[in-house]
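Report on the structure given below.
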Amino acid sequence: MVARNVKGTCYFLGHSHLDAAWLWSFNETKKVFHETCETILELMEKHKRFCFCQSSAQYYKWLEETHPETFQKVKKKVKEGRWESVGGTWVARAQR
């Protein structure tokens, strides 16, 4: 039986998956992650309720080292509760 006239709330959370060195170099991964962060930050400015999550602590370390100004913007969004760091590993790894 299908429930009818049921009201609820659905939440969506943006996410981006990047492989650290699957088909490209670490330098390319750093570049792509920086570009992804900048795109997300732009979207957050346009859409005040937009929230995002990203895993892999390694990417944040690279961002801090290579683009500290972007890293600071991300930290600000984390403090606002709009950017979540998820996962519990340094780099996400596929299971085989």
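Descriptive notes on the structure:
- The range 31-85: C-alpha gyration tensor shape, a/c 1.5 cut-off, then a/b vs b/c: prolate
- Normalising the average separation of contacting C-alpha pairs (under 8 angstrom, six or more residues apart) by the number of residues puts the relative contact order of the range 31-85 at 42 percent.
- Shown here for the range 1-32: trypsin sites (Lys or Arg not before Pro) in loop regions (DSSP other than H, G, I, E, B) with at most 11 other Cβ atoms within 10 Å, namely R4, K7.
- With only the Cα atoms considered, the chain has a convex hull volume of 155 Å³ per residue.
Bear in mind that the values in this text are calculations on the coordinates, not laboratory data. Keep in mind that what you see is a predicted model, and the values were worked out from it rather than measured. Neighbour counts run over all protein chains shown; Cβ positions are idealised from the backbone, glycine included.
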